[in-house]
Amino acid sequence: MARIESPATLESYRQRLMEEREGYKTVVSVCGGPGCHAQNCNEIYDMLKNAAEKNGLTGTVKIRKTGCHGFCEMGPLAVIQPAGILYKKITSEDVPAIVEKTLIKGEIIEDLLYSDPDNGKIIEKEAEVPFYAKQKRLLMSSNQMIDPTSIEDYIAHGGYRALAKALHEMEPTEIIDEVEKAGLRGRGGAGFPAASKWKSCHKAIAKDGIKYVLCNADEGDPGAYMDRSLLEGNPHQVIEGMLIGAYAIGATDGYIYVRHEYPLTVENLIVALDQAHEAGLLGKDILSSGFNFDIQVSVGGGAFVCGESTALMASIEGRIGEPRVKHIHTAEKGLFKRPTNLNNVETWANVPLIINQGTEKYAAVGTENSTGTKIFSLVGTINNTGLVEVPMGMTLREIIYDIGGGIPEGRTFKAVQTGGPSGGCIPEDLLDTPVDFDRLYDVGSMMGSGGMIVMDENTCMVDIARYFLNFLCDESCGKCVPCREGLKQMLYIIEDITEGRGTMEQLDLLRELAEVVRDTSLCGLGQTAPNPILSTIKYFEDEYREHIEEHKCRAGVCKALISFEIDPEACTGCRRCLKACPVGAISGEKKEPHLIDQDKCEKCGICYELCEFDAVIRK
Amino acid sequence: MVRFILDGQSVEAEEGWTILETAKYYGIDIPTLCYHEGLSTYSACRICSVEIIRGGRSRLSASCSYPVQEGIEVRTNSERVRRARKILIELLLSSCPNSRTLQCLASEYGVTKIRFRAEDRGCILCGLCVRMCEEQMQAGAIGFVYRGVGREVAMPFHQRSDICRECGACLYICPVCELPCGGPLQPGQLCNACLDTVQLDPFPCRD
């Protein structure tokens, strides 16, 4: 494509693109997010495209593969615009019908529509599906309008307008003021005001004239994929945000640090950067403003700790990804000892929004001290797994029950874990806590980058604490003593408890150790690592006590504390469990009560799940 | 000059000094393991943590890297600091019982029992040897390998390299190479030989 020389050329190019697109009567957006990808969306997209071509629909129907739409539970998804009709759980067999009925005749296929599990009502439009209806999708909504590999789509959707405005109508300090007034706080976890960071980096003196802005896309929390979906589905918005930030700060170079476990993200990002380069939106004299800026992609090697700012910078520099003390702020001496500003993917994606909408409209969403929206990845035992974007201040209950559709199969809710492995577990009676940076911190958890794991009665809270601790123990870089040695000893203690060897003294020791690790660790990883332990002890101490004093795991998760037995009265001798037992621990004649050999039993629970007569008892 | 409160006294320090340097200047002892004047600051052992009160908020921070600031209050030996140091000593001794430095610290801080699972790994990963080799000996023959609990000091690929001149500087600076007074100890054992005397002389074994 030709270089875009000025804001006026950008606008006329946008106009032309929109006119070209007027020919399309229908646009089918097939979700290409991680969830749908795993469910064969690529094949569906290819089939749809071929079928549309064969039927001569090329000029009137556009088939587009986009980033994540959010409703992963119902994938593969497709939205048919302009009516906004949502088709869910599409299989390759559905494709001919979609082309014939919907694309050619304009009919709706009822079988592919979403039906509300509460009342069985069939819902045609995506916006009316309860999962979407309560969300405020300021960022995520663009995902389904854009093919991430097409800068034309982004520009047609209003892209780079904020950049043109910033470069030609605003002074750098004016932009920082706007971001400050908008109240933008870092979406990476700590919620630090973005404008304060920008301001100190703007003020910092670069000896050789080089300053950096970085984008942290090293999203490593188990079960979280918000940043991935944004960067993969709408890379240009993040690039535009970084460009505006760089202009405000006076930065000359940028890096996007993305983990290598996200190959599609890296691919889309590189395509997007090349396109932006070609269009003159990156490089020298951007939009004839005299502003020069360039972005490189740095692919991480897989260490969770590299999401920590100083470790991330060390990794980009080619050194071991280890944190260092930050008494001299990275705004003054960061990457390659030059002034550096680091923000998370979602933070950068918010920037064009603020410039386009104006601060008042932006700050009207959310709460007083946490403005805007936040994307959460709602996972665990919940009906509607997916990415949800909600205004800050919505309560956990609304997110879990109204949007998430509650807990499957009528089981009871036990806890929700927010903030990734370093977050805390929040119990039922705190579900009316509004989700914002400060309130989550008050209840012993944190916003984190936006993981939200829902747990039901079948989850053992001690085991959950063990799981997260084990993860962090693995991911600790090992530099400082409290994190390296402390987490290991905490894990030993918690393993003792889950395996029935724990004592009450150990529980006190665990608490004491957790507090010291929190107080003395070098970086954020160690300082927040005890959160899962401290919050589960705080809210679920009775479960710890049960494990220690009664050798009982009420959720039936901790293998050392449970056993399976067969009730001879209820057993019909159907041999189903006997055949399924992987270790041959079950014996018995046909139509005679069976018996489990406790020495051989591996406690996998297969017999318990299979038995149709409830004859297998878990103790 | 920067003015602040150090253990209840108003003190002055040069701009750019750390809390540890200032405390040394005023004769206040703060234990250190990974710090050495001649080497870059590493801030990993956290034993030099002190309580810093700033803007009404109290937190622990490693004094070896914390630059002095106007108006802060620093407590080098408060209850919270001692509690944290005791746990850190206990943690270190549970993985490295045969260090005279650590065993002396245990006596000094009244650590009389190790409540953690003990295993002898013979190294506290303070990194003094690595920095000594690289910064003072200009060799860089040793470095850290692996991550987290598996971290260790080694030569590249665990092979003897020609870069090592066998100068012995790493041995000289190692805080773990000298056996405790009580002789070789099993993991979990404490020397505590001078536990009774620490009341009379607070630092019997240290220079």
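The values are calculated or read from the model by the stated rules, or taken from the named source; none is laboratory data. Given the structure is predicted, the values throughout are model-derived calculations rather than measurements. Reconstructed Cβ throughout: ideal geometry from the backbone, glycine too, with neighbour counts over all protein chains shown.
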(message) Looking at A:F291 and the list (1) under 24 Å from A:M170 (Cβ atoms); (2) under 30 Å from the mean Cα position of the chain (by Cα), which single condition is not satisfied?
(response) (2)
(message) Which pairs turn up if I take residues in region A:602-619 that are surrounded by fewer than 17 Cβ atoms within 10 Å (Cβ to Cβ) and look for partners that are hydroxyl-bearing (S, T, Y) with beta carbon separation below 6 Å, at least 6 apart in sequence or on another chain?
(response) A:F613/A:T572; A:R618/A:Y608; A:K619/A:S563
(message) What's the total number of residues in region B:132-170 that are closer than 29 Å to A:K488 by Cβ and without any contact (Cβ under 8 Å) to a residue 40 or more places away in the chain?
(response) 22
(request) Evaluate region B:110-123: report whether one residue or more is surrounded by 15 or more Cβ atoms within 10 Å (Cβ to Cβ), more than 20 Å from the chain's Cα centre (by Cα) and over 13 Å from B:S95 (Cα atoms). (result) no
(message) Within region A:584-600, take every residue that is assigned to a loop (DSSP other than H, G, I, E, B) and surrounded by 12 or more Cβ atoms within 10 Å (Cβ to Cβ) and give me the one that is farthest from the chain's Cα centre (by Cα).
(response) A:E592
(request) Determine, yes or no, whether A:L487 is within 21 Å of A:G380 (Cβ to Cβ), buried (at least 19 other Cβ atoms within 10 Å of the Cβ) and within 14 Å of chain B (Cβ to nearest Cβ). (result) no
(request) Scan region A:325-363 residue by residue and report those that are at pLDDT 90 or above, under 26 Å from B:V145 (Cα atoms) and within 14 Å of chain B (Cβ to nearest Cβ). (result) A:K337
(request) Give region B:103-148 a look and list any residue that's small (G, A, S), under 29 Å from B:C191 (Cα atoms) and more than 11 Å from chain A (Cβ to nearest Cβ), or say none. (result) B:A106, B:S107, B:G110, B:G122
(request) Can you work out which of the residues in region A:314-362 that are assigned to a helix (DSSP H, G or I), touching a helix residue (DSSP H, G or I) at 6+ places or on another chain (Cβ under 8 Å) and polar (S, T, N, Q) is nearest to A:G220 (Cα to Cα)? (result) A:S315
(message) Being within 13 Å of another protein chain (Cβ to nearest Cβ) and among the acidic types (D, E) is true for just one of B:E51, B:E37, B:E73, B:E14. Which residue is that?
(response) B:E51
(request) Could you please tell me which pairs satisfy a Cβ distance under 7 Å, a separation of 6+ or placement on different chains, a first residue in region A:40-52 that is closer than 22 Å to A:E73 by Cα and without any contact (Cβ under 8 Å) to a residue 24 or more places away in the chain, and a second residue that is surrounded by 14 or more Cβ atoms within 10 Å (Cβ to Cβ) and of a type in the set (D, E, K, R)? (result) A:Y45/A:K65
(request) Take A:L273 and decide whether it is touching a Gly at 6+ places or on another chain (Cβ under 9 Å) and of a type outside the set (V, I, T). (result) no
(request) Say whether the condition of being away from chain B (no Cβ under 14 Å), among the hydroxyl-bearing types (S, T, Y), under 21 Å from A:F471 (Cα atoms) and under 31 Å from the mean Cα position of the chain (by Cα) is met by at least one residue in region A:517-526. (result) no
(request) Could you check, for region B:164-187, whether at least one of its residues is in contact with a Pro (Cβ under 6 Å, 6 or more places away or on another chain), surrounded by 15 or more Cβ atoms within 10 Å (Cβ to Cβ), within 14 Å of chain A (Cβ to nearest Cβ) and part of a loop (DSSP other than H, G, I, E, B)? (result) yes
